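Read the structure below first, then the notes.
The values are calculated or read from the model by the stated rules, or taken from the named source; none is laboratory data. Note that the coordinates shown come from a computational prediction; the quantities given were computed from them, not determined experimentally. Cβ coordinates were reconstructed from backbone atoms using ideal geometry, including for glycine residues, and neighbour counts include every protein chain displayed. Side chains are part of the model used for accessible areas, which takes the heavy atoms of the whole protein and leaves out ligands, DNA and RNA. Shrake-Rupley method; radii C 1.70, N 1.55, O 1.52, S 1.80 Å.
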Amino acid sequence: MGDYRKLWESLQMDLEKHDALCAVLPELYDSVYLSQEDRADAMNYFNFVISEVHGLRIEELNNHRQKGGKVVGTFCVYVPDEILNALGVIGVGLCGGSQFWIEDGEKVLPRNLCPLIKAFVGAKISATCPYFQSCDLLVGETTCDGKKKAYEILAEYTPTYVMELPQMKREKDIKDWEEEIKRFIKEIENLTGKKLTYENLKNSIKLINRKRRALKRLYELRKNTPSPISGLDALLVSQIAFYDDIERFTENVEKLCDELEKKVSTLKPNNKKRLMVTGTPMAIPNWKLHHITENLNAQIVVEETCTGTRYFENEVSEEGETIDDLIRNIAQRYMKINCACFTPNEGRVEDIIRLAQEYKVDGVIYYNLSFCQPYSVEYKKVERALKDKNIPLLLIETDYSTEDVGQIKTRIEAFLEMI
Amino acid sequence: MKNYILFPSYNEGLKLASLLKEEGISYTIAPTPRQLSTCCGMSIIYKDEDEDRIKKIVEDNKIGVIGFYTI
Ligand code: SF4
Ligand code: SF4
């Protein structure tokens, strides 16, 4: 319960407003997370990270910067962590998941925009997010139009670099992405005054592959019926992956998996429906859909989202004699992420069907943040494909407010009865 | 009703957490409730029946705590 006020002050934060944000977390976390029954003891580490979300980790970022290190904020799983880490940079995912920031975001953005974008812009302009305040550079990317244009606004507040992400996945596009990663390396080399080496990059690839593998192991355990971990807890682990210390995080995910592995054999069958969530990302503290769903007779066993399988599936190949080989490996791995910002995006439909079978789900919830065009347009394709396979599907379009909680609950309840 | 232990810093909290683990006493790390403090950070939730044992561990190991609370 350290006193972090001085630290926050040094980050030019709006302390009064920030205090209002801090005030909501303990109760929210208590009612959503701590009220769950039969949680793994190893979840205590993740409870700790959340409890210290604006404390310990911010102190670590601060210490890193005091020693001359840099901190870079990102908004998309396409921005390669391997490069940042290899150049001694701490990367933090900055997507905003709180309703708290929406009002400030709407001061400079249209109201009919995805809440994720409104929240991260609101977090910056209100100076209430210590992660934003700790960043030496923000790195955006040309994915959806809303984000692309929002970076122009962020750039008025803080140094911002934008990576040009291809919109298609032809050979040419993968080459373009490789070139774009090289440009990104130059930018980060300039920021840090360091030079990327083969050794550093290779070690960084190995480290981040280990992290992905740990998450994969966690997800594999969820294939058991019943899953030894709630969807809520698994989501939390995925969300924390975006900003926690990589080695400490990986170690704690492994510990959690060790415990869950033992737990599997002691679990008795329950009649809960197994569900997949597919769609748009869920940033901390967006636990809304999981919370509603798991309070009903259901368990979420897999998320085909960027705060789920898209984050850890596929490793970067560690083979290669030169630094260019490694960069190519990175480009190839990232271009396998199936995001609706690409056209066509057949890979995502295939992923959903494959995951539905692997995780033996009874149904799929298509989670669409309000006003997210790429995902809502893609819905039709997914709907048709799942219909062909007789996999039940429910579309939930929502934002971060609590107004529609009752209505969503009723719809999911009806869905569960039907499947 | 829940019981909380508050700490002057997370280092003390983590020290106690690992001792409780060694002793096989179950506990939950949680964000400090606002009714108890306006500083954010970790606290530890424990069960009534373990209070005496925990207090002894805190004393024996000179763990810095702000206090034990029930709300
Ligand atoms: S959904 Fe697309 S744009 Fe959003 S984080 Fe994922 S890959 Fe990036
Ligand atoms: S959820 Fe959709 S609209 Fe929102 S940032 Fe991601 S791609 Fe863009």
Residues of segment A:357-394 being within 16 Å of ligand 1 (Cβ to nearest atom) and either within 14 Å of chain B (Cβ to nearest Cβ) or acidic (D, E) (or both), which ones?
A:E378
Restricting attention to segment A:306-322, does a residue exist that is more than 11 Å from ligand 1 (Cβ to nearest atom), open to solvent by 30 Å² or more (accessible area, probe 1.4 Å), out of contact with any Cys (no Cβ under 7 Å at 6 or more places or on another chain) and within 17 Å of A:V277 (Cα to Cα)?
yes
Unmet requirement for B:I71, which otherwise passes all of (1) open to solvent by 50 Å² or more (accessible area, probe 1.4 Å); (2) at pLDDT 95 or above:
(2)
Within segment A:166-184, how many residues turn out to be in contact with a helix residue (DSSP H, G or I) (Cβ under 7 Å, 6 or more places away or on another chain) and either of a type outside the set (V, I, T) or open to solvent by less than 10 Å² (accessible area, probe 1.4 Å) (or both)?
6
Helices (runs of 4 or more DSSP H) (entirely within segment A:181-273) containing at least 1 residues that are under 22 Å from A:F48 (Cα atoms) and of a type in the set (K, R):
A:198-221, A:246-264
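Results for (1) within 16 Å of ligand 2 (Cβ to nearest atom); (2) on the phi > 0 side of the Ramachandran plot; (3) open to solvent by 10 Å² or more (accessible area, probe 1.4 Å), shown as yes or no for each residue.
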| residue | (1), (2), (3) |
| --- | --- |
| A:D41 | no, no, yes |
| A:H54 | no, no, yes |
| A:R57 | no, no, yes |
| A:N63 | no, no, yes |
| A:G73 | yes, no, no |
| A:C95 | yes, no, yes |
Quick check on my filter: what residues within segment A:119-145 are farther than 22 Å from A:H18 by Cα and under 18 Å from the mean Cα position of the chain (by Cα)?
A:V139, A:G140, A:E141, A:T142, A:T143, A:C144
Limited to segment A:59-91, what total is found for residues that are β-branched (V, I, T) and closer than 19 Å to A:I337 by Cβ?
4
Could you tell me whether B:S43 is of a type in the set (S, T, N, Q), modelled with pLDDT of 95 or more, crowded, with 18+ Cβ neighbours inside 10 Å and not in a loop (DSSP other than H, G, I, E, B)?
yes
Counted residues in segment A:126-165 being among the polar types (S, T, N, Q), within 16 Å of ligand 2 (Cβ to nearest atom) and part of a loop (DSSP other than H, G, I, E, B) come to 2
Check A:I90, A:I83 and return the single one that is touching a His at 6+ places or on another chain (Cβ under 8 Å) and of a type in the set (A, V, I, L, M, F, W, C).
A:I90
Would you confirm whether any residue within segment A:82-93 is within 14 Å of ligand 2 (Cβ to nearest atom) and open to solvent by 10 Å² or more (accessible area, probe 1.4 Å)?
yes
Within the bounds of segment A:97-117, is there any residue that is away from ligand 2 (no atom under 16 Å from the Cβ) and in contact with a Lys or Arg (Cβ under 8 Å, 6 or more places away or on another chain)?
no
Do you know which residues across segment B:7-24 are more than 8 Å from every other protein chain (Cβ to nearest Cβ), crowded, with 16+ Cβ neighbours inside 10 Å and not charged (D, E, K, R)?
B:L16, B:L19, B:L20
So, in segment A:1-28, of the ones that are more than 12 Å from B:R34 (Cβ to Cβ) and at the interface with chain B (Cβ under 7 Å from one of its Cβ atoms), which residue ends up modelled with the lowest pLDDT?
A:G2
Can you tell me which of A:V71, A:V89, A:V53 is within 30 Å of A:E315 (Cβ to Cβ), in contact with a Cys (Cβ under 6 Å, 6 or more places away or on another chain) and away from ligand 1 (no atom under 16 Å from the Cβ)?
A:V71
Flag for A:E397 being open to solvent by 50 Å² or more (accessible area, probe 1.4 Å) and closer than 30 Å to A:S98 by Cβ:
yes
If I ask for residues that are more than 18 Å from the chain's Cα centre (by Cα), away from chain B (no Cβ under 12 Å) and closer than 15 Å to A:A241 by Cα, which ones from segment A:30-76 would you list?
none
